[in-house]
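Take a look at the structure set out below.
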Amino acid sequence: MKQSFLPAILLAISFACASEKTTEMTETPITYSFLVGTYTDEESQGLNQVDFSPSENKLEVRTIFPGIQNPSFVVANSAGDKVFTLEEIGNVPGGNIISLSRSIENQSLTKLSELPSYGDHPCYLALSPTEEFLTVANYSGGSLSAYKVGKAAELTHLQTIRHEGSSVNKARQNSPHVHSTVFSPDGKFLLAADLGTDQVYVYDFDMDAPEPLTLNNTYKVTPGDGPRHLLFSEDGKELMLVEEMTAMLDIFSFDAGKISAKQRISLVTDGFEGDVGAAEVRLSPDGKNIYVSNRGDANTISVISKTASGEFDFTQQISSGGIMPRNFNLTADGKYLLSAHQASNYIVVFERDEETGKLTQTSWKVEINKPVYLFRLGD
């Protein structure tokens, strides 16, 4: 039986001082909304939505689909009426991939379909540019799976590929760990970052084939890097890859499926001592700045800017505002950045200088249990 949950559980509301944030009465209020993936400890927890209305001095979070285990990653289609999430669990034959319909009017979610991920601990989802296919990265399973998305967002499993190999860090790289799967903007390629084998796998993607993925080539990063998340520039010619275990950002050129090194930037300052865990990489909507989070003992967000020469310069490093900034995201207009903290259980808001890209932490902050992913709605 289908289940539908209305967004009725208000978890927290945080207000800044009204004197600090004022807008003209004639200005139309803007609300920024994000789906929030979490790790769960209770049946009442699950998928959440955060709504941020700066002109109304309001930041709030509510649970919109409880009763799901560890929905640590969530995406939606461009219309916002179809949502895809996962259950990051280890099981046979793996975790679960779930599709849901979303009511734009009342923002409720209704479960449509559920399939196994065919690999333990799924941790990343990607919709193809046409929104007709979905891929999942299985971290513990060391594999990736592809699905066809039907008109009603029902899922059909098409293919599962298991990686093989290991790398130099025997404690963390004794087997494959696929950490992300990302489509190129033209939809011709799917890239999989494998922390366990220190490689990025480039797959040809043929949407007309019964099994759409075929390995084209692999790119080996520096041994011990642990590639985690990656993203493309809007034109698909550049690739940014965050290396979890060494807290480095690698910037590559990408041409016809081939990766070439361009620049390598450290995410820690000189003299830093302690554990690191670089996590998320995002590009500002205007394409001027790269933002990268770093966990461990660092708990920072780094701001990196593109110069007129095409090179990238380190612009700023700022405290993420909490502990374990596994994920963050920017508003579509680039005015704000929201940072989610898995260990300190809240989301904080930064203002972004649209000229320099630099961040300033605001007093807006909201509690939520183990937030680990933010998906921007309304794109």
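The values are calculated or read from the model by the stated rules, or taken from the named source; none is laboratory data. What you see is a predicted model, and the numbers here were worked out from it, not measured in a lab. Virtual Cβ from ideal backbone geometry, glycine too; neighbours counted across all protein chains shown. To get the accessible areas, we keep the full protein, side chains included, count just its heavy atoms, and leave off ligands, DNA and RNA. Shrake-Rupley method; radii C 1.70, N 1.55, O 1.52, S 1.80 Å.
Amide H of Ser108: which non-local residues (sequence gap of 5 or more, or other chain) have their own amide H closer than 5 Å, using H built in the peptide plane?
Counting only residues 5 or more places away or on other chains, the set is Ser103.
Between Asp270 and Asp235, take the C-beta separation as r, use R0 = 41 Å, and let me know the FRET efficiency to the nearest 0.05.
0.75
With just the Cα atoms defining each centre, how far is the stretch 182-237 from the stretch 329-379? Give it in Å.
Here the two parts' Cα centres lie 27 Å apart.
Heavy atoms only, probe 1.4 angstrom, no DNA, RNA or ligands counted: give me Thr28, Thr197 ranked by accessible area, highest first.
Thr28, Thr197
If I model a spin label as a point 7 Å beyond the Cα along the Cα-Cβ vector, how far apart are those points for Asp313 and Ser33 in nm?
That separation, rounded to one decimal, is 4.0 nm.
Could you work out the mean projected area of the convex hull around the alpha carbons of the chain, in square nanometres to one decimal?
One quarter of the hull surface, i.e. the mean projection, equals 18.8 nm².
In the chain, which longest range has no GluC sites (Glu not before Pro) that are both DSSP loop (not H, G, I, E or B) and surrounded by at most 12 other Cβ atoms within 10 Å?
165-233
Could you check which residue among Ile347, Ile104, Ile89 shows the biggest mean-square fluctuation in a GNM of the chain with a 10 Å Cα cutoff?
Maximum among the listed residues: Ile104.
Across the stretch 27-67, how large is the tail of the calculated P(r) beyond 16 Å, expressed as a percent of all Cα pairs?
The calculated P(r) of the stretch 27-67 puts 42 percent of pairs beyond 16 Å.
Could you list the trypsin sites (Lys or Arg not before Pro) in the stretch 182-254 that lie in coil according to DSSP, counting only those with at most 13 other Cβ atoms within 10 Å of their Cβ?
Those satisfying the criteria are Lys237.
Carbon and sulfur: what percent of the chain's accessible surface (1.4 Å probe)?
Here carbon and sulfur together make up 48 percent of the probe-accessible area.
Restricting to DSSP loop positions (anything but H, G, I, E, B) with no more than 16 other Cβ atoms inside 10 Å of their own Cβ, which trypsin sites (Lys or Arg not before Pro) remain in the stretch 85-187?
Those satisfying the criteria are Lys151, Lys170, Arg172.
Mean shadow of the stretch 176-222, computed from the convex hull of its alpha carbons, in nm²?
One quarter of the hull surface, i.e. the mean projection, equals 3.4 nm².
I'd like to check one number: the per residue accessible area of the chain, probe 1.4 Å, reported in Å² as a whole number.
So the chain comes to 41 Å² accessible per residue, rounded to a whole number.
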